[in-house]
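The numbers here are math on the coordinates, done by the rules we state, and not lab data. Quick caveat, the model's predicted, so the values are computed rather than measured. Ideal geometry is used to build each Cβ from the backbone, glycine not excepted, and the neighbour counts take in all protein chains shown.
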Amino acid sequence: MPQRVVTDAIHGTIELTDDEWRVVDTPSFQRLRHLKQLQMAHLTYPNATHTRFAHSLGVFSVMSNVLRVAKEKLNISAGKVAELRLAALLHDIGHYPYSHLMEKIDKVQLTEEFVSSARERKKSIDLTAAPYPKHERLGELIVTTRQDLLDALGGAERARKIADLFTRSSAADPQLSKLIHSSLDMDRFDFLLRDANATGVPYGNVDLHYLLSNLMVSPSGMLGFSHKAMSAAEQFLFARFFMYKVVYFHKTTYGLEEACRQLLRRCRDSSLYGVPSSGATIEDWVKADTFLGFSDGWVDDVVRRAQEDGNPVIAGLAKCIVRRQPPTLIREVCELKDRSVAGAAEHCRNFLSRCRDRLEKLASDLGIDQRFFLVVGPVPVSLEDRGSIHTSAGAKQIEEEEKDELVKIFSRGADEPISLVDIPTSIAHVAANYVHQFARLYLVTDDAAIAERARTTVGEWDKS
Amino acid sequence: MNRRQTSTLLVLQELGITSNMDAFDERLSVQKSIYLAQAAGVELGHYFSWYLRGPYAPSVAQDVFDAIQNDDHRSSLEGWELDPASRAKLATIRLHFGPPASLTQGRWLELLASIHFLIARNQVKTQDPVALRSLLARHGKTYTADQVASAISVLHAANLIARAA
């Protein structure tokens, strides 16, 4: 029975039981109040300061509504309903400071490793120093080892069951964890609505209530929407596409985030400012109380101290973040790639290839350190998550493994739903064959003349 | 290519797994061999969940597809090499990658990775081949009792799972 009530800007009244409230009240969960949901987007959209805490409650609310519709049709017991609600509440408990920003520092492409001359040097990858674990792994560790959560969840066995649900480890009943991880998942419904509301960019608005009122369950247990809600489902996919294109990959936000990623990566590689040297250290932190301070403020402190570093690249990256002087966008190459045509997107490929071959000389001509260039891409954005799969054949191959995650529709009179992108009358059927892609070159500089010279030089680098 | 992509491709190279991803069995082998490499302690930063064919990480598919669509991905690997300790671990598990005559390599690696996942993530409390075979069958994985027993022996021999007390 609901005992506690939270008023939320997106979902209105959210009701929690005493058991659920005990979880919210733990220090481990309260840490989420200090992690911004949208990384550095607040530096572009001033109101985008909402947190993982609010988002987690939002996902919990959507899950509660979905379960109200689906629990009888899926024959889910009251005990499982309680576990699913808790899994939704805890699904983001393992997030790093600035969310995905810090988690992805192993994907950073440092210019000195990217340029052609780097190929001639002998390089070693030391995998004995583990990369930073994904947030799902940290979430699993937090829920199954931190005493405050073990107490609130009623013991280790129950904590393990809940972690298995949000990490999709549960082999006992795959249908249940699908509820959290499918494309119609609660996570996306909440973040699109919440981020649109906070940024003031309207593209993320989703007709959530209509979609939920048209949620159906097939005899085999597949979830999907009635054909009546096909347009709302299409709009949901397009909402995600436009939010990525406009908000999450905004040129200013992304430039500042890339500067921060590169800064943290350089600090980690040189063991500076306490940035953990490996994923093993982060896993150790999780088990200690120091973890409670592992929040956005922790990164802010690293950045603040790095401004005075003796390495001009580290100091330069730090200053551009603290002073909010974003890296200058020297060139952006965008294109829409038809997945049915083999090969990489031509303009992005040409541009990145020229960057690889010519950036060292350009830096030398401009009299700057090449490490002030930040090379980004190719970054794909598509209707579904399979953005980087550029060919139709590639997209089909992925579907075999990830097909549970596609948004599904029950055609009129059909017992089982099919993927929305496979319905010929859907606009998503056509749009899914394309992927938007961009590559960018930023320069960390406060010298407008140097930036302009760089712009002039790289202007044609995407041409054949 | 970023560091994670480079590491992932180097590990596949070291394990003798083709990364061209054209056939379903090749894609299965890529996923499951990276899973087993991480299980052996060569941590690449991919997180595996339980999908239709057992342990699966979308980031592995993304990284490998991204890399092979890049025309010069082979030359991007030039000059890079893995540390000796990781190479030694990979050499040990590679010894067991050859499938029994009745299975393709992808199906064999799927069996090894699935059993390892079920045990390592505490989804089963037994190493009994009959019980494991029946759980796998519930997920549409049809293997013979001999194949399951042989996979358990291999996981022991490669030190990927401890023997049941």
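Counting other Cβ atoms within 10 Å as a rough exposure proxy, the listed residues B:V154, B:V42 run B:V154, B:V42 from fewest neighbours to most. Rounded to the nearest 20 debye, the dipole size of the protein assembly as shown about its Cα centre is 220 debye, using +1 on the Cβ of Lys and Arg and -1 on the Cβ of Asp and Glu. The simple spin-label model puts a point 7 Å past each Cα toward its Cβ; for A:S364 and B:H139 those points are separated by 5.4 nm. Taking the Cα centre of the stretch A:259-352 as reference, the dipole from Cβ charges on Lys and Arg (+1) and Asp and Glu (-1) amounts to some 280 debye.
Average partner chain C-beta neighbours within 10 Å, per residue of B:48-58? Intermediate values should be presented prior to the final figure.
On the way: counts 6, 10, 9, 10, 6, 2, 1, 2, 3, 2, 6.
Per-residue shielding by partner chains comes out at 5.
Seen against the Cα atoms of chain A and their longest principal axis, helix A:52-70 is set at about 40 degrees. When the Cα positions of A:A454, A:L443, A:A196 are compared along the charge dipole of chain A, A:A454 comes out farthest toward the positive end, with charges on each C-beta of Lys, Arg, Asp and Glu.
A Cβ-based charge dipole, computed about the Cα centre of chain B with Lys and Arg at +1 and Asp and Glu at -1, lands at about 780 debye. The alpha carbon gyration tensor of the protein assembly as shown gives principal lengths a ≥ b ≥ c with a/c below 1.5, which makes the shape rounded.
Explain nothing, just the number: relative contact order of chain A, from Cα pairs under 8 Å at least 6 residues apart, as a whole percent.
Details: 740 pairs, mean separation 82.9, N = 464.
It comes to 18 percent, rounded to a whole number.
For the stretch A:403-456 versus the stretch B:87-116, the inter-centroid distance based on Cα atoms is 36 Å. Positive contributions from Lys and Arg (+1) and negative ones from Asp and Glu (-1), summed over other residues with Cβ under 15 Å from the Cβ of A:Y45, come out at +3.
Per residue of A:69-82, how many C-beta atoms from partner chains lie within 10 Å of its own C-beta, taken as a mean?
On the way: counts 0, 0, 0, 0, 0, 0, 0, 0, 0, 0, 0, 0, 0, 0.
Per residue, the average neighbour count from other chains is 0.
Sequence gap at least 6, Cα distance under 8 Å: using those rules, report the relative contact order of chain B to the nearest whole percent. Relative contact order for chain B comes out at 25 percent. Of interest is the spacing of the C-alpha centroids, which for the stretch B:1-68 and the stretch A:313-329 amounts to 35 Å.
To make sure I understand, if each residue's beta carbon is the centre and we count other beta carbons within 10 Å, what order do A:C348, A:C320 fall in, fewest to most? Before the final figure, lay out each step's value.
Working: A:C348 22, A:C320 25.
Final ranking by Cβ density, sparse to dense: A:C348, A:C320.
Cβ under 14 Å from A:R371's Cβ, A:R371 left aside: what net charge do those residues give with Lys, Arg +1 and Asp, Glu -1? Each step should come with its number before you reach the end.
Working: positive: A:R261, A:R265, A:R266; negative: A:E112, A:E113, A:E258, A:D269, A:D309, A:E360, A:D369.
Here the count lands on -4.
Within 10 Å, at most 16 other Cβ atoms, and a DSSP state outside H, G, I, E, B define an exposed site. Report the longest part of chain A free of exposed trypsin sites (Lys or Arg not before Pro). Spell out each step's value before the answer.
Numbers: sites that count: A:K71, A:K73, A:R121, A:K122, A:R323, A:R324, A:R412, A:K463.
So the longest stretch without any such site is A:123-322.
For A:D269 and A:D447, the FRET efficiency from 1/(1 + (r/R0)^6), where r spans their Cβ atoms and R0 equals 25 Å, is about 0.40.
Please say if the stretch A:268-364 is rounded, prolate or oblate, where rounded means a/c under 1.5 for a ≥ b ≥ c the square roots of the C-alpha gyration tensor eigenvalues, and otherwise the choice is prolate for a/b larger than b/c and oblate otherwise? Prolate. Positive end of the dipole of chain A, charges at C-beta (+1 Lys, Arg; -1 Asp, Glu), about the Cα centre: which of A:S117, A:V69, A:L127 has its Cα farthest in that direction? Checked the options; the winner is A:S117.
A rounded overall shape is assigned to the stretch B:25-65, the ratio a/c of its alpha-carbon gyration tensor axes (a ≥ b ≥ c) being less than 1.5. Shielding by partners for peptide B:4-15, expressed as the average number of C-beta atoms from other protein chains within 10 Å of each residue's C-beta, is 2.
Which whole-number percent is the relative contact order of the stretch A:1-154 (Cα, under 8 Å, 6+ apart)? Walk me through the intermediate numbers first.
On the way: 158 pairs, mean separation 38.0, N = 154.
Worked out over the stretch A:1-154, it gives 25 percent.
Computed over neighbours whose Cβ is under 12 Å from that of B:L15, the net charge equals +3, Lys and Arg +1, Asp and Glu -1. For the pairs A:K104/B:K125; A:K107/A:K361; A:K134/A:K287; A:K337/A:K361; A:K107/B:K125, note any where the Cα-Cα span goes beyond 27 Å. Where the Cα-Cα span goes over 27 Å, the pairs concerned are A:K104/B:K125; A:K337/A:K361; A:K107/B:K125.
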